[in-house]
Amino acid sequence: MSGSIVILISGSGSNMQAIIDAVDAGDISGHISAVISNRPDAFGLERAQAAGIHTEVLDHTEFKSREIFDLNLIRKIDDFEPDLVILAGFMRILTPDFVRRYSGKMINIHPSLLPKYQGLHTHKRAIEAGDKEHGASVHFVTEELDGGPVFIQASVPVKESDTPEALATRVLTQEHKIFPIAIKWFMEGRVQLENGIPHMDGVSLEGRVPRLHAELSEE
């Protein structure tokens, strides 16, 4: 199928660019109907425009409450009748009504091996904890921040010499690999959320999430 995809961003849009490239290469059976940012200065808007994709800005600072912002964002998104809503560095805490609106068809990428390190500063936290591996996860979005069901991950070794910045760079490389894969699976109908549990080709992924392992030589 060639379904509609809407991408929400707040920043540079590097993960969005990986998705655009995968769509252009024919790896994802869908089209990006719109890129929407809550920040008018987000560089990702320029990336999207350069790719000929329709862009919208909904500046969250112009709304009196989170609820009013989310209601207006829903209206913008629904104009494009999306089959999938993607959070690609969208730095907003979403209201329960917004999350429920797109239950089962909204996904996010998070820079940790969830359920570890929900929230911010994940790379610093992984280093301070002495973790031997770190990574990224793609998950369905639920009302719990970074707590939705994961259906693909990628891991990288943590080096003794790592800084949060160095580790973040290597994790981001893996994000650019797994996010397009996750979207490909969803748009092909291979991955679905059933009763709160992700399924791949009709088989539950609970307790056995697919994971790509990066070796040091790949980094």
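Tabulated values for the structure
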| quantity | calculated |
| --- | --- |
| Residue count, region 1-25 (criterion: over 16 Å from the mean Cα position of the chain (by Cα) and open to solvent by 60 Å² or more (accessible area, probe 1.4 Å)) | 4 |
| Strands (runs of 3 or more DSSP E) enclosed by region 155-219 - at least 2 residues per element that are open to solvent by 50 Å² or more (accessible area, probe 1.4 Å) and more than 26 Å from GLY3 (Cβ to Cβ) | 211-213 |
| Matching entry among GLY148, GLY189, GLY207, GLY202 (being in contact (Cβ under 8 Å) with a residue 24 or more places away in the chain and on the phi > 0 side of the Ramachandran plot) | GLY189 |
| Cross-chain or 6+ apart pairs with Cβ under 6 Å, region 81-97 first and at positive phi, then outside any loop (DSSP other than H, G, I, E, B) and of a type in the set (Gly, Ala, Ser) | GLU81/SER4 |
| Of the criteria (1) touching a Pro at 6+ places or on another chain (Cβ under 7 Å); (2) surrounded by fewer than 20 Cβ atoms within 10 Å (Cβ to Cβ); (3) within 29 Å of ASP79 (Cα to Cα), which one GLU144 fails | (1) |
| Unmet criterion (only one of (1) farther than 15 Å from ILE7 by Cα; (2) within 18 Å of the chain's Cα centre (by Cα)) for ILE77 | (1) |
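The values are calculated or read from the model by the stated rules, or taken from the named source; none is laboratory data. Because the structure is a prediction, the values reported are computed rather than measured. Reconstructed Cβ throughout: ideal geometry from the backbone, glycine too, with neighbour counts over all protein chains shown. Ligands, DNA and RNA are excluded from the accessible area calculation, which covers all protein heavy atoms including side chains. Shrake-Rupley method; radii C 1.70, N 1.55, O 1.52, S 1.80 Å.
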